[in-house]
Amino acid sequence: MDSRRNMLIGIVVGIIIVAASIYATGFTKVLLSPLGSSAEYKSSESATAPDLATGEWINSEPLKLQDLRGRVVLIEFWTFGCYNCRNTLPFVKSWNDRYREKGLTVIGVHSPEFDEERKVESLRREVASLGISYPVVTDNDYQTWKAYDVEAWPTVFLLDKQGRIRWKHVGEGDYDEAERLIQKLLAEKET
């Protein structure tokens, strides 16, 4: 009976120590946070978005962010083998369809995870089969990925009409928030 009691006390003490360590290190925020994170920036806090690195363009001639001033720009970092990216695709395509004529430009930055995804022919085939009509640029060397400090697929950035980053979202979700911000940025006057 004493060995069972001692074992139970040991388990309880171990749980308390682990819980206290998690709480003390702030790891609870990571454990309890939803999958994905968003950040909205006030225009005064926003940095001008980095240029897009040179790559192969699909569905478009090469675009420069400087030339898109006056338009709201949504940049999505994705790769066609990513399950989470495929889950966000219907929303991104819908925003492109609904807001393109109102001043939104959607750009997919394809940063591959696997070797097969590096092949431009494979990407062209996937873009066509997925029904993507907006511009997609290859980022096989991760220059644009690094310039935007991306860490995961998918990551979405919204740029205002002056080319400043106003919102970032990592992962799936927050689609209503993204659409609200697209509408807000489209309604802002150019300064």
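The values are calculated or read from the model by the stated rules, or taken from the named source; none is laboratory data. For clarity, every value in this text was computed on a predicted model and none was experimentally measured. Virtual Cβ from ideal backbone geometry, glycine too; neighbours counted across all protein chains shown. To get the accessible areas, we keep the full protein, side chains included, count just its heavy atoms, and leave off ligands, DNA and RNA. Shrake-Rupley method; radii C 1.70, N 1.55, O 1.52, S 1.80 Å.
Does the stretch 109-125 hold any residues that are of a type in the set (Asp, Glu), under 26 Å from Lys64 (Cβ atoms) and open to solvent by less than 90 Å² (accessible area, probe 1.4 Å), and which are they? It would help to see each step written out before you state the result.
From the stretch 109-125, those of a type in the set (Asp, Glu) are 113, 115-117, 121; that's our starting set.
Next, from what is left, pick out any that are under 26 Å from Lys64 (Cβ atoms): 117, 121.
Within the stretch 109-125, Glu117 is the sole residue that qualifies.
For the stretch 69-87, how many residues meet the condition of being open to solvent by 20 Å² or more (accessible area, probe 1.4 Å) and part of a helix (DSSP H, G or I)?
So the answer is 4.
Scan the stretch 40-68 for residues that are in a loop (DSSP other than H, G, I, E, B), modelled with pLDDT of 95 or more and farther than 23 Å from Arg180 by Cβ and jot them down. Before the answer, list the steps.
Looking only at the stretch 40-68, we keep the residues that are in a loop (DSSP other than H, G, I, E, B), and these are 41-47, 49-56, 59-64.
Going one step further and asking which of them are modelled with pLDDT of 95 or more, we end up with 49-52, 55-56, 59-64.
Residues satisfying the conditions are Pro50, Asp51, Leu52, Gly55, Glu56, Asn59, Ser60, Glu61, Pro62, Leu63, Lys64.
Exactly one of (1) over 17 Å from the mean Cα position of the chain (by Cα); (2) under 15 Å from Leu158 (Cβ atoms) is unmet by Leu123. Its number?
(2)
Tell me which residues, restricted to the stretch 155-165, are farther than 10 Å from Val73 by Cα and in contact with a helix residue (DSSP H, G or I) (Cβ under 7 Å, 6 or more places away or on another chain).
Listed by number, the list holds a single entry, Val156.
For Pro90, all conditions in the list (1) more than 16 Å from the chain's Cα centre (by Cα); (2) modelled with pLDDT of 95 or more; (3) open to solvent by 40 Å² or more (accessible area, probe 1.4 Å) hold save one; what is the number of the exception?
All conditions are met except number (1).
Filter the stretch 171-191 down to the residues that are touching an Asp or Glu at 6+ places or on another chain (Cβ under 7 Å) and surrounded by 15 or more Cβ atoms within 10 Å (Cβ to Cβ) and list them by number. First the steps, then the outcome.
Step one: filter the stretch 171-191 for residues touching an Asp or Glu at 6+ places or on another chain (Cβ under 7 Å), giving 181, 185, 188.
Residues satisfying the conditions are Leu181, Leu185.
Conditions (1) hydroxyl-bearing (Ser, Thr, Tyr); (2) in contact with a Lys or Arg (Cβ under 8 Å, 6 or more places away or on another chain); (3) within 12 Å of Ala39 (Cα to Cα), marked per residue:
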site: Tyr148; (1), (2), (3): yes, no, no
site: Pro154; (1), (2), (3): no, no, no
site: Glu177; (1), (2), (3): no, no, yes
site: Leu181; (1), (2), (3): no, yes, yes
